[in-house]
Amino acid sequence: DAEITQSPRHKITETGRQVTLACHQTWNHNNMFWYRQDLGHGLRLIHYSYGVQDTNKGEVSDGYSVSRSNTEDLPLTLESAASSQTSVYFCASSRRRDNEQFFGPGTRLTVL
Amino acid sequence: RKEVEQDPGPFNVPEGATVAFNCTYSNSASQSFFWYRQDCRKEPKLLMSVYSSGNEDGRFTEQLNRASQYISLLIRDSKLSDSATYLCVVLNTGKLIFGQGTTLQVKP
């Protein structure tokens, strides 16, 4: 079955380290998204991509970057992790821009 | 003002009750609307797409009022397994905007 996966599922890192979270989908969706979810804020968009080599900033993009070298993957990189980036991160994909999105299981990141 | 607003609850209801969640959105150009369900520490999952008013899916019915910029979700005959957080989601220019969610706790 087609699916969307994230790895690692849990990560503890230290302030200042570079961290990369992986997202892989097998639906062949062009559109992929990264969100973070924090208490009191709901889900907020970090970065998104509408296709290979396309990346766009979302609402809370500072301190994060993405790259899209193929259809299946959209890794999220924290260049220099900060404690404020402790959160649950969800990746999502959609077939069309006006379609619903399907979410991966999430990565729980703790920055000490 | 938040772009999508929901009453956070929690709504505590007995099994078998009917419960309604309301949601308002601020951007009149919003194109599509969805209800997602999120269980504790899990990913959001699509519950219903809202393309017009009054669609039913089993015990769930959605209502859309574009003039008032208002969406609702009605759950009939609540089950213990309905306990979750329900997210109202609005699509604007290809991006989903999430409400903070309404928590439902169904009790025996």
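Remarks
- Taking segment B:1-26 as the range and being surrounded by 15 or more Cβ atoms within 10 Å (Cβ to Cβ), part of a strand (DSSP E or B) and touching a residue at least 60 places away in the same chain (Cβ under 8 Å) as the test, the residues that pass are B:4, B:5, B:6, B:11, B:13, B:19, B:21, B:23, B:25.
- Scan segment B:27-48 for residues that are more than 22 Å from residue A:38 (Cα to Cα) and open to solvent by 30 Å² or more (accessible area, probe 1.4 Å) and the total you get is 4.
- Segment A:39-61 residues that are more than 9 Å from chain B (Cβ to nearest Cβ), paired with ones that are of a type in the set (Gly, Ala, Ser) and surrounded by 14 or more Cβ atoms within 10 Å (Cβ to Cβ) (beta carbon under 6 Å, 6 or more apart): A:46/A:58; A:46/A:61; A:47/A:58; A:47/A:61; A:55/A:49
- Residue satisfying all of: in segment B:78-108; outside any strand (DSSP E or B) and among the polar types (S, T, N, Q); nearest to residue B:3 (Cα to Cα) among these: B:100
- Entry remark, segment A:88-110: residues being more than 13 Å from chain B (Cβ to nearest Cβ) and open to solvent by 10 Å² or more (accessible area, probe 1.4 Å) number 1 in total.
- Filter pass, residue B:79 being basic (Lys, Arg) and within 14 Å of chain A (Cβ to nearest Cβ): no
- Total residues in segment B:84-99 satisfying the condition of being crowded, with 19+ Cβ neighbours inside 10 Å and either of a type in the set (A, V, I, L, M, F, W, C) or out of contact with any Phe, Trp or Tyr (no Cβ under 7 Å at 6 or more places or on another chain) (or both): the figure is 11.
- Number of residues in segment B:34-77 that are touching a residue at least 40 places away in the same chain (Cβ under 8 Å), part of a strand (DSSP E or B) and of a type outside the set (A, V, I, L, M, F, W, C): the value is 5.
- Residue B:70 satisfies every condition listed in (1) within 12 Å of the chain's Cα centre (by Cα); (2) within 14 Å of chain A (Cβ to nearest Cβ); (3) open to solvent by 20 Å² or more (accessible area, probe 1.4 Å) except (2).
- Answer from B:54, B:16, B:58 - the residue that is more than 11 Å from chain A (Cβ to nearest Cβ) and within 19 Å of residue B:107 (Cβ to Cβ): B:16
- Looking across segment A:1-58, just one residue is more than 16 Å from residue A:75 (Cα to Cα), surrounded by fewer than 16 Cβ atoms within 10 Å (Cβ to Cβ) and hydroxyl-bearing (Ser, Thr, Tyr), and that is A:15.
The values are calculated or read from the model by the stated rules, or taken from the named source; none is laboratory data. As the structure is a prediction and not an experimental result, all values here were calculated from the model. Don't worry about glycine lacking a Cβ; one is built from the backbone with ideal geometry, like all the others, and counts go over all protein chains shown. The protein model used for the area step is the full one, side chains on, heavy atoms only, and it has no ligands, DNA or RNA in it. Shrake-Rupley method; radii C 1.70, N 1.55, O 1.52, S 1.80 Å.
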